[in-house]
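Engineer: The following block contains the structure, expressed as structure tokens.
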Amino acid sequence: MATLEIKDLHAEVETEEGSKEILTGVNLTVRSGEIHAFMGPNGSGKSTLAYAIAGHPKYNVTSGSVLLDGEEVLEMSVDERARAGLFLAMQYPVEVPGVSMSNFLRSAATATRGEAPQVRHWVKEVKQAMSDLEIDESFSERSVNEGFSGGEKKRHEILQLDLLKPKFAILDETDSGLDVDALRVVSDGINRYTESGDKGVLLITHYTRILKHIKPDYVHVFVKGQVAESGGPELADELEESGYVRFTEKKEAAAQS
Amino acid sequence: MTESTLETSGRNGLDERDPQNSAVPPRSSRGHRFTSYDVRAFEVPGGREEDWRFTPMKRLRGLHDGSAEATGSLDVEVSGDSAVKVETVDRSDERLGTAGAPADRIAAQAWSSFTEATVVTIPKDTQAAGPVTVTVHGPGQDRIAYGHLQIRAEPLSEAVVVLDYRGSGIIGDNIEMIAEDSAQLSVVTIHDFADDATQVSSEHAYLGKDAVFRHFAASLGGDLVRVNTKVTFGDRGGDADVLGVYFADSGQHLEHRLLMDHAQPNCRSNVTYKGALQGDSARSVWIGDVLIQAAAEGTETFELNRNLVLTEGARADSVPNLEIETGEIAGAGHASAIGRFDDDQLFYLQARGIPYDQARRLVVRGFFGELLQKITVDEVRERLEAAIDKELAAVGA
């Protein structure tokens, strides 16, 4: 049983006009076995939250805390966070020319598991995971994400999720840019990851579409850098019906008063 | 002392053309260059000339101004297939200088100053088994030496030659690489000097009809290494791949100047150099000139230079230049880029648990990998991979 606690997290990003605060006090707790849908309009800071937790150097955490089973994540390096059990499926996975997917996956598995996986088991494991995600075997010899389509990149993010089996996964708009079939394949991959019941997921999305495949336990609406409202799956139904207007207006009214 | 470990023979070369002793008048074009075997035909460069503006003149140790008299000699060892002929000849040997005339003062100084030359000949129709290794040891710290080497692949022959520079000293030399008609010659040159070495090398490649020339340069060590590589197409159908990698550390100056001189129809050239730089005042210069002369119809050429600046304080200069004098070409292009080390690539690998040092190594290996894979000699490829890993480990960071 693991817990990821985000407490009053403030973060800013450097822009040409100086630093700009994006996260304005985020509070959220995810326990293993829970799926949290994290929804909000574009520009609300959802991706910033994901990157800040993962430790991207572009985002500067100014105050607050992120605890993984009581340990301060913000004091860890990016790779330490990953080895501690955090995973970020990126919205725009990065191309790494000259590094083969198979070399990359094996290096990542070796790092997170603390020892190199046995070759024979590993090859089988990767093959199975690739076939589950309908990824052609030829991809393992290609450079990481290089020349992959948007959908192929997303499948590979979930491939890594299935192989590395982190305690907590933050999925940053993994559903965006996927066609109906790819969305099903990717969602099945995420469901395979959570089926053991001891994984926690923070599913960041703009649309409710993916929630037809992945059933959240909690839904949070994120507006202007903080959680505006939390609830159960019914909150997602409301967003499907009426969009974000109620939340963005409430926020503005509060700001004006 | 020049010595060789292979049996030598007195066989003369096939190429009877006289070295052109007449100077070609200078033109404003970068491609059409003034050349002469006579050092006095060149003015002492001051450092502002187009040819020298990137080079720290003081660190040339007098190679450029006539003050560097030879105080030592190069030690040349050749090993490989016994079918390959190795000769040590004096300056009067008529084969010398046929691949091209010196195009700058240091090349002319080296031409005027060498006393013995090594000639490596792959006989007609011979396929050399395994690589031919030419190891050149510098004259030693602060000693000055001039050298001359000719590698000649006779018609229909095939060979891979590894030219391995080691040791220390101040070196000026000319290297001739001749692929005669339908020969296939690969030359891998490794500049792996001690930290204090200075080398200014002029490479003259000459391709006969349908010759295939593959050149791979790796510059790792030395205080200053400047290499001029000119490829001359002597007849139709020549095909040249000129590739290189360099890794400049703190204080190092590594300079590569390429000229693909297309004067014949239906020839192809491909130039790709990649460099990484790290540490204070690490410096690299890459000048890629391609000249497609009016007669060179059907030319296909591409040149590319990529630089990866790993730390603050390092500087890479990259200047591609294409001069085209005919419209009837198959294709010509160039590209050049200098990039900071990509934080996003590092972040991505680290976000999967891979530690910083290993992630950095993966990215840099990946950057060079595409080129290193083209080296067919396993030991050489592995040595260069290991050297790059070592460079990365050295800075730690």
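The values are calculated or read from the model by the stated rules, or taken from the named source; none is laboratory data. Everything quoted here is computed from the prediction, not taken from an experiment. In this analysis, Cβ positions are derived from the backbone assuming ideal geometry, glycine residues included, and neighbour counts consider all displayed protein chains.
Engineer: Has the range A:89-98 got any residue that is at the interface with chain B (Cβ under 9 Å from one of its Cβ atoms), hydrophobic (A, V, I, L, M, F, W, C) and not in a strand (DSSP E or B)?
Structural biologist: Yes: the range A:89-98 contains one or more residues that are at the interface with chain B (Cβ under 9 Å from one of its Cβ atoms), hydrophobic (A, V, I, L, M, F, W, C) and not in a strand (DSSP E or B).
Engineer: Moving on. Pairs only if they're at least six apart or on different chains, beta carbon under 6 angstrom, first in the range A:70-92 and in contact (Cβ under 8 Å) with a residue 24 or more places away in the chain and at negative phi, second in a helix (DSSP H, G or I) and β-branched (Val, Ile, Thr); list them, first residue then second.
Structural biologist: Every condition considered, the pairs that remain are A:Arg81/A:Val73; A:Arg83/A:Thr112.
Engineer: From (1) modelled with pLDDT of 90 or more; (2) assigned to a loop (DSSP other than H, G, I, E, B); (3) within 14 Å of chain A (Cβ to nearest Cβ), pick out the condition that doesn't hold for B:Phe347.
Structural biologist: For B:Phe347, the failing item is (2).
Engineer: Next question. Please go through the range A:102-127 and give me each residue that is over 23 Å from the mean Cα position of the chain (by Cα), over 23 Å from A:Ser77 (Cα atoms) and not charged (D, E, K, R), ordered by number.
Structural biologist: A:Pro117, A:Gln118, A:Val119, A:His121, A:Trp122, A:Val123
Engineer: Restricting the range B:366-376 to residues that are surrounded by 17 or more Cβ atoms within 10 Å (Cβ to Cβ) and more than 7 Å from chain A (Cβ to nearest Cβ), which is nearest to A:Gly114 (Cα to Cα)?
Structural biologist: For the range B:366-376, the residue satisfying everything is B:Phe368.
Engineer: Across the range A:73-88, what is the total count of residues that are β-branched (Val, Ile, Thr) and within 7 Å of another protein chain (Cβ to nearest Cβ)? Please lay out each step first, then the result.
Structural biologist: Just the residues of the range A:73-88 that are β-branched (Val, Ile, Thr), to begin with: A:73, A:78.
Going one step further and asking which of them are within 7 Å of another protein chain (Cβ to nearest Cβ), we end up with A:78.
Qualifying residue count for the region: 1.
Engineer: State the number of residues belonging to the range B:219-247 that are touching a helix residue (DSSP H, G or I) at 6+ places or on another chain (Cβ under 9 Å) and more than 12 Å from B:Phe193 (Cβ to Cβ).
Structural biologist: 6
Engineer: Could I ask something else about it? Give me a count of the residues in the range A:112-130 that are within 21 Å of B:Pro355 (Cβ to Cβ) and either in contact with an Asp or Glu (Cβ under 7 Å, 6 or more places away or on another chain) or surrounded by fewer than 21 Cβ atoms within 10 Å (Cβ to Cβ) (or both).
Structural biologist: 6
Engineer: Oh, and also: For the range A:48-60, what are the residues that are under 18 Å from the mean Cα position of the chain (by Cα) and part of a strand (DSSP E or B)?
Structural biologist: A:Tyr59
Engineer: Which residue, of B:Ile178, B:Ile122, B:Ile151, B:Ile170, is crowded, with 24+ Cβ neighbours inside 10 Å and closer than 13 Å to B:Gly72 by Cα?
Structural biologist: Values: B:Ile178 fails: closer than 13 Å to B:Gly72 by Cα; B:Ile122 fails: closer than 13 Å to B:Gly72 by Cα; B:Ile151 fails: closer than 13 Å to B:Gly72 by Cα.
Only one candidate qualifies: B:Ile170.
Engineer: Taking only pairs six or more apart or across chains, which ones have beta-carbon atoms under 7 Å, a first residue in the range A:1-24 that is free of Cβ contacts under 8 Å to residues at least 24 places away in the same chain, and a second residue that is surrounded by 15 or more Cβ atoms within 10 Å (Cβ to Cβ)?
Structural biologist: Filtered contacts from the range A:1-24: A:Lys20/A:Glu12; A:Lys20/A:Val13.
Engineer: Restricting to the range A:137-174, give me the number of residues that are surrounded by fewer than 20 Cβ atoms within 10 Å (Cβ to Cβ), among the charged types (D, E, K, R) and without any contact (Cβ under 8 Å) to a residue 60 or more places away in the chain.
Structural biologist: 7
Engineer: Okay, next question. How many residues, within the range A:102-136, are in a helix (DSSP H, G or I), more than 12 Å from chain B (Cβ to nearest Cβ) and in contact (Cβ under 8 Å) with a residue 24 or more places away in the chain?
Structural biologist: Let us first name the residues in the range A:102-136 that are in a helix (DSSP H, G or I), namely A:102-113, A:119-132.
Those still in the list that are more than 12 Å from chain B (Cβ to nearest Cβ) too: A:102, A:119-132.
Add one more test, that the residue is in contact (Cβ under 8 Å) with a residue 24 or more places away in the chain, and what stays is A:102, A:125-126, A:129-130, A:132.
Number of matching residues: 6.
Engineer: How many of the residues making up the range B:294-312 are surrounded by fewer than 21 Cβ atoms within 10 Å (Cβ to Cβ) and free of Cβ contacts under 8 Å to residues at least 60 places away in the same chain?
Structural biologist: 9
Engineer: With the checklist (1) within 14 Å of chain A (Cβ to nearest Cβ); (2) at pLDDT 90 or above in hand, flag the one item B:Ile324 doesn't pass.
Structural biologist: Every listed condition holds for B:Ile324 apart from (1).
Engineer: Whether any residue in the range B:337-359 is on the phi < 0 side of the Ramachandran plot, out of contact with any Lys or Arg (no Cβ under 6 Å at 6 or more places or on another chain) and touching a residue at least 40 places away in the same chain (Cβ under 8 Å) is what I want to check.
Structural biologist: No, the range B:337-359 contains no residue that is on the phi < 0 side of the Ramachandran plot, out of contact with any Lys or Arg (no Cβ under 6 Å at 6 or more places or on another chain) and touching a residue at least 40 places away in the same chain (Cβ under 8 Å).
Engineer: Return the total of residues in the range A:190-244 being touching a residue at least 40 places away in the same chain (Cβ under 8 Å), outside any loop (DSSP other than H, G, I, E, B) and charged (D, E, K, R).
Structural biologist: Summing the residues that are touching a residue at least 40 places away in the same chain (Cβ under 8 Å), outside any loop (DSSP other than H, G, I, E, B) and charged (D, E, K, R) in the range A:190-244 gives 1.
Engineer: Next up: Please give the strands (runs of 3 or more DSSP E) falling wholly within the range B:167-242 in which 1 or more residues are in contact with a strand residue (DSSP E or B) (Cβ under 8 Å, 6 or more places away or on another chain) and acidic (Asp, Glu).
Structural biologist: Values: elements: B:170-179, B:184-191, B:198-207, B:212-219, B:224-233.
Ranges flagged: B:170-179, B:198-207.
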